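Student: Mind having a look at this structure? Questions to follow.
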Amino acid sequence: MKFDLEVQREVAKIGMTATLGATVVTSMFMKNSVAKKTHIVAGVAFCGFALWHHMLYQPKKSNKTKEKLPNILSKTPTK
């Protein structure tokens, strides 16, 4: 079953919200070892959801041959 782009975006936003909430809540109990581990896992998960969310808003790359631009930096300067 394939999910459309809007559903994926919504899931990414919900994931970001949940993991950020877990990170904030567990930050108040950092002396507890379980809370500390949960805080770290939630922070890493938040980074993953944020990256996924970012990638969902990037334009799709086409497979068509693209016109190559001349490489301006490789030319030697003229005097």
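Read the figures in this text as sums done on the coordinates, not as results from a lab. Predicted model only: the values in this text are computed from it and were never measured.
Student: Dividing the alpha-carbon Rg of segment 5-56 by 2.2 N^0.38 Å yields what? Before the final figure, lay out the partial values.
Tutor: Numbers: Rg = 12.1 Å, N = 52, 2.2 N^0.38 = 9.9 Å.
The reported ratio for this selection is 1.23.
Student: I need to check one value: relative contact order of segment 1-55, counting alpha carbon pairs closer than 8 Å and at least 6 residues apart, in percent. All intermediate terms of the calculation are to be shown ahead of the outcome.
Tutor: Details: 38 pairs, mean separation 22.4, N = 55.
This gives 41 percent for segment 1-55.
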